[in-house]
Amino acid sequence: MSSIREGALAPVPDRARPGRAPVSAAQACGVSVFPLLGAGLALAGIPVREVLVLLAGCGAIGAAVYAVGGGGRRLLEAFAAAVTAAARK
């Protein structure tokens, strides 16, 4: 027997509660593509040092675009959270 009454309103999420935003498809794709791209380039014969420099440059460009698109606020919040988490450990 369900505890949900028929015709009852769905609960409204509390947006004021702090928490992590769900991972978007773009983030999941970026996290999975970088290692695959690096492995593919290394297998193609490009030196690992050059592969790392290339992927670091791509990551820097992506972070800059994210910062400009979000006004920089979200990137600074993420950086502050990372620094705080690192300081606690």
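If you go through the range 65-85 and pick out every residue that is more than 18 Å from Ser24 (Cα to Cα), open to solvent by less than 70 Å² (accessible area, probe 1.4 Å) and among the aliphatic types (A, V, I, L, M), you end up with 4. The number of residues in the range 33-57 that are open to solvent by 60 Å² or more (accessible area, probe 1.4 Å) and within 24 Å of Val23 (Cα to Cα) comes to 6. Within the range 6-25, identify whether any single residue is open to solvent by 100 Å² or more (accessible area, probe 1.4 Å) and modelled with pLDDT of 85 or more, and answer yes or no. The answer is no; no qualifying residue exists. Contact map, the range 22-43: residues that are at negative phi paired with residues that are in a helix (DSSP H, G or I) and exposed (fewer than 11 other Cβ atoms within 10 Å of the Cβ), Cβ distance under 7 Å, separation 6+ or inter-chain. Pairs shown: Ala42/Val48. Of the residues making up the range 32-64, just one is among the β-branched types (Val, Ile, Thr) and under 18 Å from Phe79 (Cβ atoms), namely Ile61.
The values are calculated or read from the model by the stated rules, or taken from the named source; none is laboratory data. Computed from a predicted structure; not experimentally measured. Cβ coordinates were reconstructed from backbone atoms using ideal geometry, including for glycine residues, and neighbour counts include every protein chain displayed. Note: accessible area is taken over every heavy atom of the protein model, side chains too, but ligands, DNA and RNA are not part of it. Shrake-Rupley method; radii C 1.70, N 1.55, O 1.52, S 1.80 Å.
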